[in-house]
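For reference, the structure discussed in these notes is given below.
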Amino acid sequence: MVFPMSKVRKAVIPAAGLGTRFLPATKTVPKEMLPIIDRPILMYIVEEAVRAGIEDIVLVAGRGKHAIEDFFDVSYELEDKLARDGKDAWLESLRKIRDAANIISIRQMRPLGLGHAIGCAKPIIGSEPFAVLLGDEIMIADKDKPTVTGQLARSFEQSGMSTVAVMEVPASETHKYGIVEGETTAMPDGGTRIRVGNVIEKPTAGQSSSRWALPGRYVFDASIFGHIASTKPGKNGEIQLTDAMVAVAKEKGLLAQTFTSRRFDAGDKLGYLQANIELALEHPELGTALRQYLQTLGKTL
Ligand code: UTP
């Protein structure tokens with residue numbers, strides 16, 4: 001089957017970081033497998049990719065690879081028991097996970113940084129454009145709105161240019177993110193688009209001329225692999241994705257744009273708790289009881 005090269009069909013989910021902010025839990029469980037209510041963080045990310053039309057997902061795993069692989073594998077004993085007990089809804093939910101997309105798991109031997117993790121996916125991505133969804137960032141789109149990955153894919157398909165998601169953060173938070181600088185224009189939907197001139201890795205307040213932060217959603221054409229390969233280790237000895245993005249911006253041009261989803265930094269303890277609370281409040285079985293509990297708790301705070 002021949003696909004038009006501009007269609008974004010593949011995605012990479014890097015999930016091989018050490019997750020030090022979640023130690024000791026992440027000594028044995030990859031942070032991407034920590035649950036938000038009853039589903040691992042990774043499941044929310046795979047669902048976003050699938051909703052955006054992604055067909056092949058490359059999971060870049062490190063330690064704890066088996067927990068990630070097993071989650072997307074057939075669990076024969078469990079499924080057999082559920083079938084015998086007539087637990088069809090649970091059975092269906094397990095099957096849905098497995099059938100969501102083609103999941104290809106690869107290993108990053110050492111956590112040498114986000115750029116390096118993405119570079120590991122080159123043999124599978126080949127020359128196609130692809131999305132990147134960080135394995136610890138949850139983006140929840142309203143039912144009638146496109147996902148962040150969908151918005152970036154659309155931009156790529158229309159402009160032919162690699163496009164990354166950005167959000168404005170306070171100056172006191174720029175040190176937590178890659179920050180994009182460039183010329184801004186207003187988009188018809190009320191969002192902002194930036195023609196990227198520079199990307200700075202985790203600048204302190206005032207070290208960058210803007211506050212447009214990268215929360216971890218990207219669509220690149222395959223030329224990024226060449227730039228990753230020639231990127232020298234930067235901060236903390238890691239191969240930074242931001243350095244390769246600067247090279248893309250200079251060579252072919254790079255767009256950044258705002259998005260409409262709610263975002264939770266589930267790799268951070270507070271963000272993780274916020275995701276659990278907000279999504280549980282919307283949960284059909286838990287919402288009412290949790291709301292009542294929080295209201296009672298609120299009176300004592
Ligand atoms: P983070 O920097 O948030 O992940 O990377 P980390 O290093 O695991 O986190 P802390 O700071 O130690 O708690 C963002 C995403 O990139 C992946 C991570 O798994 C995470 O999903 N990543 C990072 C890799 O796959 N490989 C790396 O070498 C680094």
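The values are calculated or read from the model by the stated rules, or taken from the named source; none is laboratory data. Small disclaimer: the values here were computed from a predicted structure and weren't measured. Counting neighbours? That spans all protein chains shown, and the Cβs are built from the backbone with ideal geometry, glycine included. All accessible areas refer to the heavy atoms of the entire protein, side chains included, with ligands and DNA or RNA removed. Shrake-Rupley method; radii C 1.70, N 1.55, O 1.52, S 1.80 Å.
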Return the subset of K143/K252; K10/K143; K122/K252; K202/K299; K143/K269 for which the Cα-Cα distance in this structure is over 30 Å, preserving the input order.
K143/K252; K202/K299
Rounded to 10°, Cα long-axis angle of helix 241-251 versus longest principal axis of the chain:
40
Hey, can you find the accessible area per residue of the chain for me, probe 1.4 Å, expressed in square angstrom?
51
Of A186, L214, F130, farthest towards positive along the dipole that unit charges on Lys, Arg, Asp, Glu beta carbons give the chain
L214
Most positive-pole-ward Cα, T26, I37, A83, against dipole of the range 13-146 from beta carbon charges
T26
Using the Karplus curve 6.51 cos²θ - 1.76 cosθ + 1.60 with θ = phi - 60°, what ³J(HN,Hα) values do you get for each residue of the range 113-130, in whole Hz, with x for Gly and Pro?
x, 4, x, 4, 4, 5, x, 4, 7, 3, x, 8, 6, x, 9, 7, x, 8
Express the C-alpha Rg of the chain as a ratio against the empirical globular expectation 2.2 N^0.38 Å, rounded to two decimals.
1.02
With +1 at each Lys and Arg Cβ and -1 at each Asp and Glu Cβ, the charge dipole magnitude of the range 55-127 around its Cα centre, to the nearest 20 debye, comes out at 460
In the range 110-199, taking the dipole from +1 charges on Lys and Arg beta carbons and -1 charges on Asp and Glu beta carbons about the Cα centre, the listed residue (I140, C120, S162) farthest towards the positive end is C120
Can you divide the C-alpha Rg of the range 67-211 by 2.2 N^0.38 Å and report the result to two decimal places?
1.38
For the range 168-226, what's the relative contact order in percent, using C-alpha pairs closer than 8 Å and at least 6 residues apart?
43
Go from 0 up to the bin containing the longest alpha carbon distance in the range 1-71, width 10 Å each, and give me the % of pairs per bin.
19, 46, 24, 9, 2
Only Lys, Arg (+1) and Asp, Glu (-1) charged, at Cβ; the chain dipole about Cα centre in debye
640
Multiply the residue separation of S127 and A289 by 0.36 nm, subtract the distance between their alpha-carbon atoms, and state the gained length in nm to one decimal.
53.3 nm
Stokes-Einstein D for the range 164-301 (37 °C, 0.692 mPa s, Kirkwood Rh from Cα pairs), in µm²/s, comes to 190
Kindly state, to the nearest 0.05, the FRET efficiency for E282 paired with L94, given R0 = 22 Å and r defined as their beta-carbon distance.
0.50
With θ taken as phi - 60° and the coefficients 6.51, -1.76 and 1.60, list the Karplus ³J(HN,Hα) couplings across the range 149-166 in order, rounded to whole Hz; mark glycine and proline as x.
4, x, 5, 5, 4, 4, 4, 4, 5, 7, 9, x, 10, 4, 9, 10, 8, 9
How charged is the neighbourhood of E55? Take every other residue with its Cβ under 13 Å from the Cβ of E55, and add Lys/Arg as +1 and Asp/Glu as -1.
+1
Calculated [θ] (222 nm, deg cm²/dmol) that DSSP helices of n ≥ 4 give over the chain, each run adding -39,500 (n - 2.57)
-10000 deg cm²/dmol
If you consider only alpha-carbon coordinates, what radius of gyration and Dmax does the range 198-263 have, in Å?
12.7, 35
Computed over the range 1-145, the distribution of all Cα-Cα distances in 5 Å bins, rounded to whole %, is 2, 9, 18, 21, 19, 14, 10, 5, 2, 0
Using a 1.4 angstrom probe on heavy atoms only, work out the carbon and sulfur share of the accessible area of the chain in %.
55
Most fluctuating residue given options P24, P35, P146, as computed from a GNM of the chain linking Cα atoms under 10 Å
P24
